[in-house]
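The values are calculated or read from the model by the stated rules, or taken from the named source; none is laboratory data. Everything numeric here is computed off the predicted structure, so don't read it as measured data. As a convention, Cβ positions derive from the backbone with ideal geometry for all residues, glycine included, and neighbour counts pool all protein chains shown.
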Amino acid sequence: MPDLIQVSKDKTFALTNRFFSYVFRVSPEGILEHLHYGGPLSDPLNVSVHHIRTQREVASTFQGGKFFSLSDTPQEFPSFGTSDYRFPALHGRNSDGNTVFSLHYKRHKISKTKKPLKDLPSTRGGNCETLVVTLEDPLHKLDVELHYTIYQDFGVLVRSAKFKNKSDTEIQLQHAFSTALDLPPAEYEILHFHGTWSREFNEERIEVPKGRFVVDSARGTSSAAHSPFVAIMQKGASEAVGRVYATTLVYSGNFSINVEKGEFEDVRILAGINPFNFHWRLKPGKKFCTPEALHVFTEDGLRGMSHIWHDFIREKISPPQFKYKPRPTYLNTWEAAYFDVNEDKVLALADKAKHVGVDMLVLDDGWFEGRKDDTSSLGDWVADKERFPNGIPWLASKVKAKGLKFGIWFEPEMVNPRSMLFEKHPDWILHVPGRKPSLGRNQLTLDLSREEVTDYIFEKVDAILSCGDIDYVKWDMNRNMTEVGSAGLARNRQREVSHRYMIGLYRLLKKLTAKYPDVLFENCASGGNRFDLGMLSFMPQTWTSDMCDPVGRLDIVNGASYLFPLDVTAAYVGPSPNHQNGRVSSIQTRFMAGVFCAARGMSLNEQDLADNHEELKELMAFAKRTAPDMVGGRFDRLIKSDNEVCWQYTTRDQKTVYVAYFHILAAPNLPFRRARLVGLDGGAEYVLQEDKAKYQGDSLMNNGLPLPYVTTGHVKENVRYMAKGDFSSYLFEFTKK
């Protein structure tokens, strides 16, 4: 492997692979000055310094240096108080009681590997190099290690920071960002995702404004309101062309991504733990590690960006034992029974699941002691004696004897006030003295910053999984944090609780997934309220959204696809009329909205199962047949408008190409449309499976695929039509000859 990191004698650092070069230097003043992040350079150590030192009227010069102000200097890890007035990566209180730190180069080292972070999930190493640059504030004896990892085969730069207090007095951290990236002046746009429950991943694209644009969460989760992702794009960048700088985090808690356009039009990106309500007391001799931040650069537009993310997440984040592993089809008990589940109903549903041809039955909420609605029993993870007198292990063995896999739902991080656990340990919840706790879905949040709490949760979940017949766990979390405080921490450490909660959660998940590496864990938080790379480090798939209406889900799947590969997503056919918006739609279109997810199933009542048995059987057979295809492939967004969506999915071996087309509202006299496919072999022939029609690859890419026509009258035999009316869908399947 060629050297990915080079260092010159004058301390210029260059990280280069075939995707990008990232270059910075130690300035004459000892500041880390950023020089280049973009396309790969043939001689990166000799890149020009594009920051011009000149006299700025009324600008403060750095520590008396002539013509050198940090207010317009691109930096690797800026602090506040020494002539830079932009938002800093480091801000805190030192032993003198002020907030001025000045970080200077101290040393560096390069390794041919990558170490995992302590207490936090991190990307895996392999064919990579890591540069660690240590900065110091010699006055207050604070060291800051900046970690940079570059991979030979991936266009992702991994960054994190580690703070070390080498003094004999406490330092208080208030901003401890993972990364800072200063981009030169240009016309940029921002792409980010906003939303709420059942409306996650709504994409918004705006010009980078002057001032500071922030997406963040103070909810205790990465949140559905603002996904921890931002892309800064060349103005006018499209799916196919344009420079894109994208940033995300390997973290599941309170985060902040700041985009600031300074007075001289430079753009600063900061990403890491949200400084709001964060305050870490760094005692003498102690260290604090930030979560990892990931950067992607491409000149191939948003499609090129997505391909880089998808490949990297599959290879370096998602649990490796599930890579390219087909996911089982399933029937979930929720819409069939809600809380009214018992042994007989579950076994009867298992028979229906077997008859309709799915691989697994999933027992959802309602199985544990006293759980008849959402007001009680969370925390008491023991099977209800009346409804499940033989226990869950017995039930799992009976379901598996029918030739099915067995899965089960937990919501381990929560507790109901009406529960045996809360009665016994009322201090185990997040709370503050003298305040009545707020409720979310009749729930309180357990204090996972306390090890005795995570030990209790492990014990209860382990007691179920240890039977050996559990194949799948749906790990749910249905409320955001309020009254964030801990009885287990001192008064002056209460603003550490949110981050310590995440450390506790990760410790719990690491312990469980290490003991049960073959159990398929699915991350869920009221749908996409904690859909992030931190959770995906332990759980190979996520319930993308509670929105199961196909039209409502199209935007969600499209938005999530910018970052996440379909390998990590799950969807099922839900009831109609839809429970979230009341829309009526066909079984076909409900299935199609999740056709490119890795995990596909259904959650329907018994009447729906009976009325649509043959169609469901056919769709589940298709899902089972194509399950190996839906992991490891390439997803492309072809068309996205208010009324049309078209996606392409190409399998990992490039032998099969699927095209899904959705038409939302019908109208008369519509134009004929084509979709230009991408990434095909231009010289190869592709056979459409439904009628064995043959298409040349270059024709599909350049001339396009004629899309089905929506009309009330079918008048020509050689025209491909979609179902009449609203909410129509169509799936093409091509095989490469």
Go through segment 47-89 and give me each residue that's without any contact (Cβ under 8 Å) to a residue 12 or more places away in the chain and in a helix (DSSP H, G or I).
G64
I'd like the full set of residues that are outside any strand (DSSP E or B) and crowded, with 20+ Cβ neighbours inside 10 Å, limited to segment 388-411.
F388, I392, L395, A396, V399, L404, E411
Just the residues that are assigned to a loop (DSSP other than H, G, I, E, B) and of a type in the set (A, V, I, L, M), please, taken from segment 221-232.
A224, A225
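Specify the residue that is surrounded by the most Cβ atoms within 10 Å (Cβ to Cβ); the eligible residues are those in segment 233-246 that are in a strand (DSSP E or B) and in contact with a Leu (Cβ under 7 Å, 6 or more places away or on another chain).
Per the stated criteria, the residue is V244.
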Can you report the number of residues in segment 37-72 which are touching a helix residue (DSSP H, G or I) at 6+ places or on another chain (Cβ under 8 Å) and modelled with pLDDT of 90 or more?
1
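Answer yes or no as to whether E369 is closer than 30 Å to A490 by Cβ, assigned by TED's automatic domain parsing to the domain that holds I457 and either surrounded by fewer than 21 Cβ atoms within 10 Å (Cβ to Cβ) or among the hydrophobic types (A, V, I, L, M, F, W, C) (or both).
no
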Filter segment 217-230 for residues that are more than 14 Å from the chain's Cα centre (by Cα) and either modelled with pLDDT under 95 or surrounded by fewer than 22 Cβ atoms within 10 Å (Cβ to Cβ) (or both) and give the result.
A218, R219
Among (1) surrounded by fewer than 17 Cβ atoms within 10 Å (Cβ to Cβ); (2) within 15 Å of Y148 (Cα to Cα), there is one condition R25 misses while meeting the rest; what is its number?
(1)
Inside segment 541-566, can you point out the residues that are of a type in the set (D, E) and closer than 17 Å to A660 by Cβ?
D549, D555
Picking from M420, M414, the residue that is surrounded by 14 or more Cβ atoms within 10 Å (Cβ to Cβ), in contact with a Leu (Cβ under 7 Å, 6 or more places away or on another chain) and over 18 Å from K510 (Cα atoms) would be M414
Filter result (crowded, with 18+ Cβ neighbours inside 10 Å, assigned to a helix (DSSP H, G or I) and under 23 Å from the mean Cα position of the chain (by Cα)) within segment 321-351:
F322
Hey, can you tell me all the residues within segment 112-134 that are in a strand (DSSP E or B) and touching an Asp or Glu at 6+ places or on another chain (Cβ under 7 Å)?
V132, T134
Could you look through segment 477-513, keep only residues that are more than 21 Å from S438 (Cα to Cα) and hydroxyl-bearing (S, T, Y), and pick out the one that is surrounded by the fewest Cβ atoms within 10 Å (Cβ to Cβ)?
T513
Name every residue in segment 432-449 that is crowded, with 21+ Cβ neighbours inside 10 Å and not in a strand (DSSP E or B), in order of residue number.
D447, L448, S449
Is it the case that some residue within segment 404-421 is out of contact with any strand residue (DSSP E or B) (no Cβ under 7 Å at 6 or more places or on another chain), more than 18 Å from D471 (Cα to Cα) and at pLDDT 95 or above?
yes
Residue selected from segment 111-136 under the condition closer than 30 Å to D96 by Cα and free of Cβ contacts under 8 Å to residues at least 40 places away in the same chain, by the criterion farthest from the chain's Cα centre (by Cα)
E136
I'd like the full set of residues that are under 15 Å from P74 (Cα atoms), free of Cβ contacts under 8 Å to residues at least 60 places away in the same chain and within 30 Å of the chain's Cα centre (by Cα), limited to segment 29-44.
L35, H36
Restrict the check to segment 557-580 and report whether at least one residue is in the same structural domain as G407 (by TED's automatic domain parsing), surrounded by fewer than 24 Cβ atoms within 10 Å (Cβ to Cβ), farther than 28 Å from L294 by Cβ and aromatic (F, W, Y).
yes
Looking at E717, E685, can you tell me which residue is over 16 Å from A593 (Cα atoms), at pLDDT 95 or above, more than 27 Å from the chain's Cα centre (by Cα) and among the acidic types (D, E)?
E685
What about R553, is it among the basic types (K, R), over 20 Å from the mean Cα position of the chain (by Cα) and not assigned by TED's automatic domain parsing to the domain that holds L249?
no
Counting just the residues of segment 155-193 that are part of a strand (DSSP E or B) and β-branched (V, I, T), which one comes out nearest to F101 (Cα to Cα)?
I171
